[in-house]
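Questions regarding the structure given below will be posed in turn.
None of the figures in this text is laboratory data; all of them are computed from the coordinates on show. Nothing here was measured: the structure is a model prediction, and the numbers come from that model. Cβ sites come from the backbone with ideal geometry, for glycine too, and all protein chains shown count toward neighbours.
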Number of protein chains: 2
Amino acid sequence: MAQNIYDNPDFFAGYSQLPRQVRGLDGAPEWPSIRAMLPTVAGKRVIDLGCGFGWASRWMRKQGATSVLGLDLSKNMISRATADANDPKIEYRIADLETVELPRAAFDLAYSALTFHYIRDFSRLVRMVHQALVPGGELVFTIEHPIFMAAVHPHWIADEDGRKTWPVNRYAIEGERQTDWFAKGVIKHHRTIGTTLNTLIRSGFQILAVEEFAPSVEQIAQTSELAVELERPMMLLVSARR
Amino acid sequence: MAQNIYDNPDFFAGYSQLPRQVRGLDGAPEWPSIRAMLPTVAGKRVIDLGCGFGWASRWMRKQGATSVLGLDLSKNMISRATADANDPKIEYRIADLETVELPRAAFDLAYSALTFHYIRDFSRLVRMVHQALVPGGELVFTIEHPIFMAAVHPHWIADEDGRKTWPVNRYAIEGERQTDWFAKGVIKHHRTIGTTLNTLIRSGFQILAVEEFAPSVEQIAQTSELAVELERPMMLLVSARR
């Protein structure tokens, strides 16, 4: 079973205060980029893998999704999402994406935000999602960028000019990475970009777009702390079609 | 016109001594990975973009390519390639890939090694290559990895444990990068991985595989200096189909 940090009280207390958890999708600077990658949602059956508090699930319904199934490992998340939903066409379920079984050709759109880097067996999950989509169905997901995750000590350093610099090492050595983030020993699974994309391609997906989130000039004007995200790729956004 | 460092005598003298120029393809540690990405070459009309001394062009002919057209900006390169060829089915031409015009549907395979990161207008070149391939034709190319190229000061540093670490900054800021490599002020053009792949996709290519060269256990056993290339992604290898 996957590590369930979200039901650790310390983690959950800190995590719940993140802008993207308090303000929802508008608190996530990469959301405009994700929106631009999403196909038309109206009329689609959507699955939201790692739905958290359900912000995206509810947004999908507002866009006209005919149904949304939100899955998350965390009871905390699912109970909060369920309490906030009040929509019979959104169903939330506790599920471990490492072992989940999904029905065949039951969805038109699979969406996942910042979840897949917690998954050890990405290949299994991608195959499961592929068969759960109808032909022509799309998968849109974000992960922490492999460059963001790779190093033993992933924190800002300075170069000789004092410029904020992101350290990269162990990039080709895939596998577990432990970090402290609201709790000690949060486990993530590093895979290269190549492995990430080739896993999709070998499962039968066609890659539609690959984006590496960078803040826009307008976003930096509004939130100057975002400027530093021009220095490193922080998130990888991928859309693919079955 | 693109910068022509290869006809700078200092550059050419140093460059000609690189293992991959002296020993050819076997001197390039990424060559086994490239080979694995190449389709069957026999019976194909091949174009080699940035052919250098013609090592790959000659290899393609040995594999049974019906013809090879090798293009390079450098007179030095083309005259050496021509002298080494002795094969009427290999034609070498001096050409600037920034402005080159290629015939329509004239090739089955386009190959390029460590050249495209010197190209300012990648989008134009990709469109030109796309129309020069037959439908179903493939493009296989390598570039310096965007992570390798991005930083203002691209050189090894050490992390707090003394581990070799590669610095990343200015990743999202695309454009010119100047480095000193056998000559002062060698100009390269940094593009993110996202831009690189999306340019291909938007031109009508389907991405077949994305590899980030890392040395194998056997390669490290033979050449221990290669071990450091596990720390950072040094080259990006892409195959795509028209």
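Please compute the average number of Cβ atoms from other chains found within 10 Å of each residue's Cβ in peptide A:158-168.
Average neighbour count from other chains, rounded to a whole number: 6.
Enumerate the calculated ³J(HN,Hα) couplings along region B:207-218 in order (Karplus 6.51 cos²θ - 1.76 cosθ + 1.60, θ = phi - 60°), each rounded to whole Hz, writing x wherever the residue is Gly or Pro.
Result, ordered by residue: 6, 9, 6, 10, 10, 10, 3, 9, x, 7, 4, 5 Hz.
State the antiparallel share, in %, of DSSP beta bridges confined to region B:45-173, rounding to the nearest 5.
Roughly 10 percent of the DSSP beta bridges within region B:45-173 come out antiparallel.
Ok, one more. In nm, one decimal, shortest first: how far is the label point of B:G14 (7 Å from Cα along Cα to beta carbon) from the matching points in the other copies?
Reported distances to equivalent positions: 4.6 nm.
Suppose R0 equals 22 Å. What FRET efficiency, 1/(1 + (r/R0)^6) with r the Cβ-Cβ distance, do A:E174 and B:D161 give to the nearest 0.05?
According to the calculation, E is roughly 0.65.
Can you list the copy-to-copy distances for B:Q63, using a point 7 angstrom from Cα toward Cβ, in nanometres, shortest first?
4.1
Once both labels are modelled 7 Å past Cα along the beta-carbon direction, what's the A:L226-A:V22 spacing in nm?
Placing both labels 7 Å along Cα→Cβ, they lie 1.7 nm apart.
Return a whole-number percent for the relative contact order of chain A, with Cα pairs under 8 Å and 6 or more residues apart as the contact set.
19
What's the minimum Cβ distance from chain A to the axis relating it to B, in whole Å, and which residue gives it?
So the chain A residue sitting closest to the axis is A:I207, 2.
OK, next. Hey, what angle do you get for helix B:193-202 against the long axis of chain B, alpha-carbon based, 0 to 90 degrees rounded to 10?
The helix B:193-202 is inclined about 20 degrees to chain B.
Given 5 Å bins starting at zero, what is the percent of C-alpha pairs of region B:62-108 in each, up to the one with the largest pair distance?
5, 19, 27, 23, 18, 8
B:G185 label points, 7 Å along Cα→Cβ, one per copy: pairwise distances from this copy to the rest in nm, shortest first?
5.7
Something else about it: Given the alpha-carbon gyration tensor of region A:1-146, what are the semi-axes of its equivalent ellipsoid in whole angstrom, ordered largest first, with each equal to the square root of 5 times an eigenvalue?
21, 18, 15
Right, here's the next one. Less than 12 Å Cβ to Cβ from B:E229, Lys/Arg counted +1 and Asp/Glu -1: what total charge do the surrounding residues give?
-1
In what order do B:D108, B:D121 fall by count of nearby beta-carbon atoms within 10 Å, going from fewest to most? Don't skip to the end; give the middle numbers.
On the way: B:D108 22, B:D121 14.
Going from sparsest to densest Cβ surroundings: B:D121, B:D108.
What net charge do the residues around B:I220 carry, taking every other residue with its C-beta under 13 Å from that of B:I220, with Lys and Arg at +1 and Asp and Glu at -1?
Working: positive: none; negative: B:E218, B:E225, B:E229, B:E231.
Net local charge, B:I220 excluded: -4.
If you take every DSSP beta bridge fully contained in the protein assembly as shown, what fraction is antiparallel? Give it as a percent rounded to 5.
The answer is about 55 percent antiparallel.
Please list, by residue number, every one of the GluC sites (Glu not before Pro) in region B:1-108 that is coil in DSSP and has at most 12 other beta-carbon atoms within 10 Å.
Working: sites: B:E30, B:E91, B:E98, B:E101; in loops: B:E30, B:E98, B:E101.
Passing sites in region B:1-108 are B:E101.
So, one more: Can you give the helix-only mean residue ellipticity at 222 nm for chain A, where every DSSP H stretch with n ≥ 4 adds -39500 (n - 2.57) and the sum goes over all residues, rounded to the nearest 500 deg cm²/dmol?
Taken over chain A, the calculation gives -7500 deg cm²/dmol.
In percent, how large is the relative contact order of region B:153-242, given Cα pairs closer than 8 Å and 6 or more residues apart?
23
Please report, to one decimal in angstroms, the Kirkwood hydrodynamic radius of region B:114-222 built from all distinct Cα-Cα pairs. Mind showing how you got there, number by number?
Values: mean 1/r = 0.0626 Å⁻¹.
Over region B:114-222, the inverse of the mean reciprocal pair distance is 16.0 Å.
Just to check I understand the Karplus step: with θ = phi - 60° and J = 6.51 cos²θ - 1.76 cosθ + 1.60, what whole-Hz values come out for region A:123-139, glycine and proline as x?
In residue order, the calculated couplings are 4, 4, 5, 5, 4, 5, 5, 4, 6, 7, 8, 6, x, x, x, 10, 10 Hz.
Can you give the net charge of the other residues whose Cβ lies under 15 Å from the Cβ of B:F107, counting K and R as +1 and D and E as -1?
Within the 15 Å Cβ shell, the charges total +4.
From the alpha carbon gyration tensor of region B:143-201, can you work out the equivalent ellipsoid semi-axes (sqrt of 5 times each eigenvalue) and give them in Å, largest to smallest?
Its equivalent ellipsoid spans semi-axes of 22, 16, 9 Å.
Enter the angle in degrees (range 0 to 90, nearest 10) between the Cα long axis of helix A:75-85 and the first principal axis of the Cα atoms of chain A, meaning the one along which they spread out most.
60
Mind counting lysine pairs for me in the protein assembly as shown? Cα separation below 14 Å, and the two need to be 8 or more apart along the chain or on different chains. List each step's numbers first, then the result.
Values: A:K44/A:K62; A:K44/A:K89; A:K62/A:K89; B:K44/B:K62; B:K44/B:K89; B:K62/B:K89.
Taking the protein assembly as shown as the scope, the lysine pair count is 6.
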